[in-house]
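Here the structure is laid out as structure tokens; the discussion comes afterwards.
The values are calculated or read from the model by the stated rules, or taken from the named source; none is laboratory data. Just so you know, these numbers come straight off a predicted model, no measurement behind them. Please note: Cβ atoms are built from the backbone with ideal geometry, for glycine as well, and neighbour counts cover all protein chains shown.
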Amino acid sequence: MKWTVTGAAGMLGQDLVAALKARGDDVVALDVAELDILDSSAVMEALGTPGASDVVVNCAAWTQVDSAEEKEDAAFRLNAVGPQNLAAACRASGARLVQISTDYVFPGNGTKPYGEDDLLDPLGAYGRTKAAGEWAVRASGADYLIVRTAWLYGEHGTPFPKVMAKLLTERGHVDVVTDQVGQPTWTKDLVALIIALIDAQAPSGTYHGTSSGQGSWYEFTQEIAASMGVAKEAVGETTSEAFVRPAPRPAYSVLAHDALRKIGVEPIGDWRQRWQAAAPAILADFVAKD
Ligand SMILES: NC(=O)c1ccc[n+]([C@@H]2O[C@H](COP(=O)([O-])OP(=O)(O)OC[C@H]3O[C@@H](n4cnc5c(N)ncnc54)[C@H](OP(=O)(O)O)[C@@H]3O)[C@@H](O)[C@H]2O)c1
């Protein structure tokens, strides 16, 4: 199986490339220096020929939710036009395209987990640009899998658990919002799911690649503190109203996993259990070693 990973130097891309290499697959890892997904000619040249790749996984994205509000045009290019370029090349070559999307395509005012086919109605610029990317891929005629993830953390970059661990280490206390609920998801679990979908020859369509269960950022931080050996009392409660950020955040970001179950692919496990498995690697720099 020949894979190409775009945005390969990002948090998800690095773990995906490592996992594919570990299982002996042929993988071409490309970040912006090797292949700028905004350059449609370069994308077509690299990926548009039959046999160039069996699967293209697009891990490149504008992921800064707050800055997307002010730079929506640039975020749109990367999150919508980039995937459109990749989809055109995949259509030409016959490769499968895996486009990573987000819970932010939903409005976040629901009370039950969002289904794969629920109405897209993003709250802010980041979600709008990612939703546009989904539609570009769906409309392209390429063989695609859209995999929506959320609250993603991994060893690379500076994901939420590392930010919280740093604050707890430096300040001994952190207040965290209780009124935003979602599914913290480990990059390695998402990578395993992407590979499982390809191995299962999943039909073209939209799938949810998040942990099971649900929890607030406050509850997630309590788990992070516990993994660091820090008392849970070090984590205080706050609300979105008190902790205002430039981009609105969905209050309820829980995704259902029916499409996976329908094709016999097991969804990712409960977020608390998966955090227990991930914590030693994610918090390696923060947990006291004896
Ligand atoms: N992080 C989350 O919490 C989260 C939640 C839900 C969904 N997602 C989705 O998950 C996917 C992976 O996210 P991530 O956190 O791993 O992203 P990331 O760490 O920001 O990685 C994105 C990568 O894409 C590269 N890139 C930027 N512009 C490019 C271009 N024109 N052509 C090719 N590559 C380019 C970036 O390079 P530079 O660093 O040099 O710009 C970076 O290496 C994205 O689709 C994101 O929307 C993430």
Residue tally, condition within 14 Å of the ligand (Cβ to nearest atom) and either closer than 24 Å to K162 by Cβ or part of a helix (DSSP H, G or I) (or both), over the range 5-27: 14
Yes/no for V43 being β-branched (V, I, T), under 20 Å from the mean Cα position of the chain (by Cα) and within 20 Å of A136 (Cβ to Cβ): no
Test: residue in the range 2-10 that is over 24 Å from P267 (Cα atoms) and of a type in the set (D, E, K, R): yes
Qualifying positions in the range 49-82 - more than 9 Å from the ligand (Cβ to nearest atom) and either of a type in the set (S, T, Y) or crowded, with 22+ Cβ neighbours inside 10 Å (or both): T49, S53, V55, V56, V57, S67, A68, A75
Selection within the range 4-30 - of a type in the set (K, R) and within 25 Å of T49 (Cα to Cα): K21
Count of residues meeting criterion [surrounded by fewer than 17 Cβ atoms within 10 Å (Cβ to Cβ) and in contact (Cβ under 8 Å) with a residue 60 or more places away in the chain] in the range 14-47: 1
Whichever residue in the range 98-142 is free of Cβ contacts under 8 Å to residues at least 40 places away in the same chain and either under 23 Å from A8 (Cβ atoms) or among the acidic types (D, E) (or both) and, among such residues, is surrounded by the most Cβ atoms within 10 Å (Cβ to Cβ): D118
Test result for A95, closer than 23 Å to A9 by Cβ and either surrounded by fewer than 21 Cβ atoms within 10 Å (Cβ to Cβ) or without any contact (Cβ under 8 Å) to a residue 24 or more places away in the chain (or both): no
Subset of the range 152-179 (residues that are within 10 Å of I224 (Cβ to Cβ) and over 24 Å from the mean Cα position of the chain (by Cα)): L168, V174
The lone exception for A288 - which of (1) within 27 Å of V176 (Cα to Cα); (2) assigned to a loop (DSSP other than H, G, I, E, B); (3) at pLDDT 95 or above; (4) of a type outside the set (K, R) it fails: (3)
Which numbered condition E155 fails, given (1) in contact with a strand residue (DSSP E or B) (Cβ under 9 Å, 6 or more places away or on another chain); (2) in contact (Cβ under 8 Å) with a residue 60 or more places away in the chain: (1)
Members of the range 133-156 found to be more than 12 Å from the ligand (Cβ to nearest atom) and either outside any strand (DSSP E or B) or at pLDDT below 95 (or both), listed by number: W135, A136, R138, A139, S140, G141, A142
